[in-house]
Amino acid sequence: MLFLRREQRNCIAHTEDKVEFACQVCVQHRSTRWPWHRFTRCSRLTDCTGFLGRRSQRDIPMTSTAPSTHRSRSTATTTTKKNATQPPLQAQVAQILAALQASSSEERKRVAVTYFPTAMRVLGVAVPALRTIAKALAKEHKDDEPADVLALAQALIADGSMEGRQVAYELLEFHKATALALTADDIEHLRHGLDNWASVDSFAMSVAGPAWRRGQLKDAYIDAWSKSQDRFVRRLALVCTVPLNMKSRGGTGDVPRTLRLCTRLAADRDDFVVKALSWALREIAPHDEAALRAFLATHEATLHRRILREVKSKLDTGRKNG
């Protein structure tokens, strides 16, 4: 451990010999009685890698065996202020849950429990209120590192509320830097625990589907989901095609990949999968009507009647239910 005197403590150097050199310069300038702030900006301190603030009158211990990180004074100050004002992760989660609770209603909670049964804790918050909170969060954390935003989303999911999970997914959608930084492993981790159609659709529309469209999630992941024994995971695979095709979600049309998944699940009779398959097929109608009609003709004997009715209605009237 190398101890520096008060006159020397503005120098942070990579190695002990550089510390000694830089501090000799500082001592030299100190001996000429220059003001303290002058030699912190001295051009002769070329071997210093940063500065320490004037904090106390005591000697300050410095380790000389490992290199220190170089950061400008302005960057270090900004980061320090930001960390100082940012509450701990669990405190942030508590604030978000309090905002959700303030927007909840008992009536909504009663409806939610029957409309999408789940083992998650249900607060009873409508989607517009969830979205408002998520957008405000994305704005509040717009300068945060993607890893920090992802950690906040994961903490919200871990809390166990359905609405907290949905806010987490929409936060990841609205915080563009984090959305672009997601890896396949991140996405796999974020999907665990899905047990109702509303959470599945939120995850597919906000996180997994857009990531697939951008190439962050490979076809192999979606294909594996489509073969899952879990009906909600199979639904997830189908709903991920919607952001490929829905214009309002950034889709430009990807008929081949959509029809490949629909072909694999054409005979599935689970109600949640049937409804998702109908939705996936309807979304390709504006992109390739001929391919969609050919698919219906080929699989007419296999597809559920609901799918045939809704998709044909979409083609003929432009609406799901003509």
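Figures for the structure shown
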{"read-out": "Inter-residue pairs, beta-carbon under 8 Å, first under 18 Å from Met205 (Cα atoms) and in the stretch 109-137, second of a type in the set (Ser, Thr, Tyr) and part of a helix (DSSP H, G or I), 6+ apart", "value": "Phe116/Ser199"}
{"read-out": "Members of the stretch 136-145 that are surrounded by 15 or more Cβ atoms within 10 Å (Cβ to Cβ) and of a type outside the set (A, V, I, L, M, F, W, C)", "value": "His141, Asp144"}
{"read-out": "Answer residue from the stretch 73-101, given it is surrounded by 10 or more Cβ atoms within 10 Å (Cβ to Cβ) and not in a helix (DSSP H, G or I) and is modelled with the highest pLDDT among those", "value": "Pro87"}
{"read-out": "Helices (runs of 4 or more DSSP H) enclosed by the stretch 157-263 - at least 2 residues per element that are modelled with pLDDT of 95 or more and over 20 Å from the mean Cα position of the chain (by Cα)", "value": "219-226, 231-239"}
{"read-out": "Residues that are under 22 Å from Pro117 (Cβ atoms) and either in contact with an Asp or Glu (Cβ under 7 Å, 6 or more places away or on another chain) or polar (S, T, N, Q) (or both), drawn from the stretch 146-201", "value": "Ser161, Gln166, Asn196, Ser199"}
{"read-out": "Number of the condition not met by Arg191 [criteria: (1) free of Cβ contacts under 8 Å to residues at least 40 places away in the same chain; (2) more than 19 Å from Asp271 (Cβ to Cβ)]", "value": "(1)"}
{"read-out": "Residue under evaluation Ser313, criteria (1) without any contact (Cβ under 8 Å) to a residue 12 or more places away in the chain; (2) loosely packed, with under 15 Cβ neighbours inside 10 Å; (3) not basic (Lys, Arg), criterion not met", "value": "(2)"}
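The values are calculated or read from the model by the stated rules, or taken from the named source; none is laboratory data. Quick caveat: nothing in here was measured; it's all calculated off a predicted structure. Don't worry about glycine lacking a Cβ; one is built from the backbone with ideal geometry, like all the others, and counts go over all protein chains shown.
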